[in-house]
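Worksheet: one structure, shown below.
The values are calculated or read from the model by the stated rules, or taken from the named source; none is laboratory data. Values in this document were obtained by computation on a predicted structure and should not be read as measured data. When we count neighbours, we look across all protein chains shown, and the Cβ atoms used for this are built from the backbone with ideal geometry, even at glycine. When the accessible area is computed, the model is the full protein with side chains, heavy atoms only, and any ligands, DNA or RNA have been set aside. Shrake-Rupley method; radii C 1.70, N 1.55, O 1.52, S 1.80 Å.
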Amino acid sequence: MKDKIMSLLKASFFKGFAVYLGSSVINKAIPFLLLPILTKYLSPEEYGILALYQVMISFVMPFIGMNMQNNITRNFFSKSKEFLAKVIFNLVVVLTTTTVVVTLILSIYLLLGGNHFSIPTRWIYALPIMAYMGALNDFNLSILRNSKKPLFYGAFEISKTIIDLSITILLIVVYSFSWEGRAIGMLISTVIIGGLSVFRMWKNGYLLIEIDKSQINEILRISLPLIPHALGGVIMAVGDRIIIDQMVGTAEMGIYTVGYQFGMIMTLVTTAFNQTWTPWMYELLAQNKLENKIKIVKATYITCISFILIALLITTISYFLLPYMTTKEYHGAFVYVIWVALGYAFFGMYTLVFPYGVHVGKTSYLGIITFSAAAINILANLVLIKLNGPVGSAQATLISYIFMFVSVWWYSNKLFPMPWFKFIKK
């Protein structure tokens, strides 16, 4: 009987993973589906401006969203649906407040003549809107993921992709909108899916209108420390492009971004796996049994090795694929792929050990570690770009993600000990 239950659990896990991987591939395929179009219709300089705008989006999101969806996962398996519905409404209250605050700060920054890298002012004001609607979508996706409804999850992800892709191609190819056509596609798709996410949460009873100060305080206690954590992650993920832009030039930064996108194919696997891994892991940890901890440890080791092997496979495939997907002036991007792919393999490993701190309600250390990794990333960029040229930036990415994974793994084990080596004796 026990063996039958285990086989069902395994089947459920990998079925969920397959669906998440499929939706992740389709959703994250946008950069690759668009590469032949964008590299044909946009010059490296224009592609670089688009990359800078995407960097801005990434920087704004941690201050508005604060990774608040973690509060949903944290309470999903231990609290009632009514309690969770109150939590989600109060998440929306906090999200609305942070959006207003960030919008005011951006307004003051612009009025004082702050530099926005030749990005039109109207697109600066669009940043909080995209972050707000994107966070609402994250709330809905967290509910779907923890409810073990991967098909609905995939439907939301794929719908966003189709809207984004259709508008982008129409505006850039037909109406010659340059890089702004891509920005319009991202904005419209995010707003539409964000609105549908709110409707679905309300329709399914996950929005109970009741302001609760104690819940808001708990949300802030868990999520505020995640701002520096998320911001540090953003610095590592996109800060390299700003440094290359300043040290080498916008054109080279555009070429670097193409190589980076090929390396980021790794996130198709790590993101999809994490969507299944996180609820599975939290559910086992909630039972507080040694056998469950051993199961998690063994799965972690196997997954880490798999991530490394997949990164090497992605690099090999990219060698043959990149020349067919880009014009000749972008072919030099291949040199960046191996470093970025391995970097995101280690980032994927980090996502396996990240939940322990959230599980015990202690997240402040994550900000310290991630900011330290970001500092290492910036320093390594400055040194390695001078020594090795732009490829030094990709090497800095790998170094910082290795540091972050090892540090979070070590400290998480202090907060919540796991049988990382004892299980060998079992």
Using the basic label-point model (7 angstrom from Cα toward the beta carbon), what is the LEU290 to VAL93 distance in nanometres? 4.5 nm
What list of ³J(HN,Hα) couplings, whole Hz, do you get for the stretch 344-359 from phi and the Karplus terms 6.51, -1.76, 1.60, once you set θ to phi - 60° and write x for glycine and proline? 6, 5, 6, 5, x, 5, 4, 5, 6, 9, 4, x, 4, x, 5, 4
Mean ellipticity per residue at 222 nm, deg cm²/dmol - from DSSP H runs of n ≥ 4 across the chain, formula -39500 (n - 2.57): -28000 deg cm²/dmol
In the stretch 376-426, which chymotrypsin sites (Phe, Trp or Tyr not before Pro) are in a loop and have at most 11 other Cβ atoms within 10 Å, using DSSP for the loop call? PHE421
Point-charge dipole on Cβ atoms (K/R +1, D/E -1) for the chain, about Cα centre, debye to 20: 1760 debye
What do you get for chymotrypsin sites (Phe, Trp or Tyr not before Pro) in the stretch 153-227 restricted to DSSP loop and a cutoff of at most 13 other Cβ within 10 Å of the site's Cβ? TYR175
The stretch 339-387-the stretch 112-170 distance, computed between alpha-carbon centres (Å): 24 Å
The stretch 286-426, dipole about Cα centre (Lys/Arg Cβ +1, Asp/Glu Cβ -1), debye to the nearest 20: 700 debye
What figure in square angstrom, to the nearest 10, would you give for the accessible area of SER306 with a 1.4 Å probe? 50 Å²
Where the chain is the region considered: accessible area per residue in Å², 1.4 Å probe: 44 Å²
Could you give me the ³J(HN,Hα) list for the stretch 120-131, computed from phi with Karplus coefficients 6.51, -1.76, 1.60 and θ = phi - 60°, whole Hz, x at Gly and Pro? x, 4, 4, 7, 5, 5, 6, 4, x, 5, 5, 5
Label selected from [x] 1.29; [y] 0.97; [z] 1.46, the criterion being Cα Rg over 2.2 N^0.38 Å as computed here: [y]
Charge-dipole axis of the chain as Lys and Arg at +1 and Asp and Glu at -1 on Cβ define it, positive-most pick from PHE346, LEU309, GLN287: GLN287
Across ASN70, ASN146, ASN388, the residue with the highest GNM fluctuation in the chain (Cα network, 10 Å cutoff) is ASN388
If you plug each phi of the stretch 306-314 into the Karplus form 6.51 cos²θ - 1.76 cosθ + 1.60 with θ = phi - 60°, what whole-Hz ³J(HN,Hα) values come out, in order, with x for Gly and Pro? 4, 4, 4, 5, 5, 4, 5, 5, 4
